[in-house]
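The block underneath contains the structure these notes are about, expressed in C-alpha cells.
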Amino acid sequence: MVSDDEVWKNDVTGAGDAYKEAAAFAFQIPFDEVDKEQRQIGKRMAMAWLNRARGAGIRRSATWLTKEEAEDWCESMDKRYSRLTDWHRNELVPELYKKGYVETMFGRRCWLRHVWEGPPFGKGHRTREQTKAEMECVPMVVQGTAADLLKLALVRVHNQLDPTWATIVSCVHDELNLLVRNDKVAFVCNDVLTPMLDGLLSPLLGVEVSTGPNWSDLNDWEG
C-alpha cells in the first residue's frame, strides 16, 4: 500500500502468499510444496528483506544458504517486488538524505538525522550510520503508519463504548483486547470493531474479530 506494488498487494491481501513465495525462493522448491514450517522461515526472511537486510541478515534465518545464495535470494525478491524496491531505493532514501526524516502516510515525521553523518546521497562511500538509517526508514514508514492507524482505531472504539458494558483491556502490537458484556458482544463486533478502519487510507485494510471467554480460547467472529 505504501509503495503501490501491485504484486506485493496481491501476495499479502489477495490470492498470493508473500511468505510462501519467499520460502519457495529460499528452498528452491515449487510454491505449492512449501510446508508450514518452511513458510515460517520464509516469513522471517521476508520481514528482514522488507527492513532492507541483505545477504548477511538473511542468513540469520536461512543458515543453510551461502553468502552468494542469500544475495541471489534478495535479488529474486527485489525483482518480484520491483515497485517496492524502486520506491525504497529511488524515492524514500533520496528524500531521507534531503530532509533527514521520513513520514508516515498520515504525515507524522520520523527523524533519522544520522543519515547526514557522511557524504551526500550518491556521492562517496556511505558510513555505517547512513546504512543504518537507510535500513530504518522502511519500518519507520510502514510500522509508523500502522501505529498511527492503531491510535486512530483506539480513539474510534473508545468513543463508542460505555464502560458499564465494555472496556478496552489492552493493546498488543496491532491487536485490541476488549472485555465485553455478553449481551453487547454482537453490537461491539459488528458495529464498533469491524468498521473501525473505514475510510482510513485504503479499502485493502481489513479487521479480523475473534471472541471467546478468555484470550487462549478464541474463535473467529462470524456474526
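Nothing in this text is a laboratory measurement; each read-out follows from the coordinates by a stated rule. Fair warning: this is a prediction, and the values are worked out from it, not measured in the lab. For neighbour counting, all protein chains shown are included, and Cβ atoms are generated from backbone atoms with ideal geometry for every residue, glycine included.
For the reader, a short list of remarks on this structure follows.
- Counting only DSSP H runs of at least 4 residues, each contributing -39500 (n - 2.57), and dividing by the residue count of the chain, the helix-based mean residue ellipticity at 222 nm comes to -13500 deg cm²/dmol.
- Range in the chain, longest, excluding exposed GluC sites (Glu not before Pro) [loop by DSSP; at most 16 other beta-carbon atoms within 10 Å]: 1-116
- Coordinate range along principal axes, alpha carbons of the chain, Å, largest first: 64, 45, 27
- Karplus-derived HN-Hα couplings along region 211-223 (A = 6.51, B = -1.76, C = 1.60, θ = phi - 60°), whole Hz, x at Gly and Pro: 10, x, x, 7, 5, 8, 10, 10, 10, 4, 6, 10, x
- Over region 1-58 - Rg/Rh using Cα atoms and the Kirkwood inverse-distance radius: 0.98
- Under 15 Å from the Cα of K36 - aspartates and glutamates, other chains or at least 8 residues apart: D17, E21
- Hull volume in cubic angstrom per residue (convex hull over the Cα atoms of region 68-138): 97
- In region 114-162, trypsin sites (Lys or Arg not before Pro) in a DSSP loop with at most 13 other beta-carbon atoms within 10 Å: K123
- If you wrap the Cα atoms of region 118-223 in a convex hull and average its projected area over all directions, you get 9.6 nm².
- Largest first, the extents of the alpha carbon coordinates of region 171-221 on the three principal axes equal 33, 23, 17 Å.
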